[in-house]
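Here the structure is laid out as structure tokens; the discussion comes afterwards.
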Amino acid sequence: MTVSEEEPLGVGVRHFIDRLAEETGGNVAVDFFPSGQLGQDLEVFEQLSNNTVQMHASGFGINANYNSFYAPWLLTGFDHVQRVLQSDLAQQWNDELVEERGVIVLTAYPRAPRHISSNGHPIEGPDDLDGLRMRVPEIPVMFNVFREVGTDAVAMSFAEVYTALQTGTIEAQENPLPTIVGFSLQEVQEYVSLTYHSYAPEYIYVNAEWWGGLPENLQDLMVDLLEEGRERAAEATASVQEELIAELEASGTEVVEADIDALREAAMPALEELGPEYLGEETYSTIVDLSD
């Protein structure tokens, strides 16, 4: 796992590990390596495929299918994400993933939604995006939809973002609140606008061969306990969001509620054009169909 034990994902995974030891009388133990001790995601994905690591928890999509949830304003919340991940489409994704990488996605945990921080003015509605020079991750559907809704989207390593905001090279960036506060971006940003534009989750990956070799009763127990862990992660995510908003406001950063409906409506023409191109026709239509 690349994040720390203290983050919501870490809280959920730690609950799973402790409960697994409890339910099996200590006969099943998990060697836990948080905070990127085994490397970054791409390195760990290779270890997963090679079966030198058996489980990995990450918000990084192992392929383009699992990065579909980054499409701005396409998803309405984590419940929507869950419906997609429980669909026949997601089963196809998993079948392909097993064949290509020898890896399975067992479940997904909620992750803090993504918001926009900015200088000059907050992002309250679509007009506030026009001409905004903003760093956007190089995830094709995210980058290009933001460009189509009017931002001057900039590709840049996250390591450069603080300095670029400080010097005015860029005016804005987007990330979950734990990232914004964790990297002290509020020091160089006047506003944080709660845009809720992405609900990309955290995934629980396992090596398919290893998982298939476990007794069925142990598989069932682990899935049940991972679900318990997801509930703990969801509680921690909600709690952290409230705490971080209070921390931002105490630091002098203005936190603004954006008009989500107006932003989503403004993004729809770009999503309808670019969604099928970057996500695939079937994926895009499935996500749209499962929105309610």
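The values are calculated or read from the model by the stated rules, or taken from the named source; none is laboratory data. None of these values were measured; they are calculated from a predicted model. Glycine also receives a Cβ, built like all others from the backbone with ideal geometry; neighbour counts cover every protein chain displayed. Heads up: the accessible areas ignore ligands, DNA and RNA and are worked out on the full protein's heavy atoms, side chains in. Shrake-Rupley method; radii C 1.70, N 1.55, O 1.52, S 1.80 Å.
Structure values in brief
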read-out	value
Yes/no for Q40 being crowded, with 16+ Cβ neighbours inside 10 Å and more than 28 Å from P269 (Cα to Cα)	no
Lone qualifier among L221, L271, L225, L279 - being touching a residue at least 24 places away in the same chain (Cβ under 8 Å) and more than 30 Å from Q47 (Cα to Cα)	L271
Residue that is nearest to R14 (Cα to Cα), among those in the range 186-239 that are among the small types (G, A, S) and touching a Gly at 6+ places or on another chain (Cβ under 9 Å)	G229
Selection status of R83, modelled with pLDDT under 95, open to solvent by 50 Å² or more (accessible area, probe 1.4 Å), under 30 Å from N51 (Cα atoms) and within 21 Å of the chain's Cα centre (by Cα)	no
Helices (runs of 4 or more DSSP H) completely within the range 5-97 that count 3 or more residues being within 26 Å of T195 (Cβ to Cβ) and out of contact with any Cys (no Cβ under 9 Å at 6 or more places or on another chain)	8-23, 78-85
Among the candidates A262, A258, residue that is over 20 Å from Y70 (Cβ atoms), more than 19 Å from the chain's Cα centre (by Cα), open to solvent by less than 50 Å² (accessible area, probe 1.4 Å) and touching a residue at least 40 places away in the same chain (Cβ under 8 Å)	A262
Residues within the range 3-37 that are closer than 29 Å to R114 by Cα and open to solvent by less than 40 Å² (accessible area, probe 1.4 Å), tallied	12
Selection count where residues are closer than 21 Å to A270 by Cβ and open to solvent by 20 Å² or more (accessible area, probe 1.4 Å), scope the range 59-69	3
Only listed residue being of a type in the set (A, V, I, L, M, F, W, C) and more than 30 Å from N50 (Cβ to Cβ), chosen from A233, A262, A208	A262
Failed item, numbered, when I104 is tested on (1) open to solvent by less than 20 Å² (accessible area, probe 1.4 Å); (2) in contact with a strand residue (DSSP E or B) (Cβ under 6 Å, 6 or more places away or on another chain)	(1)
Test result for A238, closer than 30 Å to G168 by Cβ, open to solvent by 50 Å² or more (accessible area, probe 1.4 Å) and without any contact (Cβ under 8 Å) to a residue 40 or more places away in the chain	no
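Conditions tested, residue by residue: (1) closer than 21 Å to L129 by Cα; (2) in contact (Cβ under 8 Å) with a residue 12 or more places away in the chain; (3) open to solvent by 30 Å² or more (accessible area, probe 1.4 Å).
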residue	(1), (2), (3)
D152	yes, yes, yes
T167	yes, no, yes
I180	yes, yes, no
L185	yes, yes, no
Q189	yes, yes, no
V192	yes, yes, no
H197	yes, yes, no
W211	no, yes, no
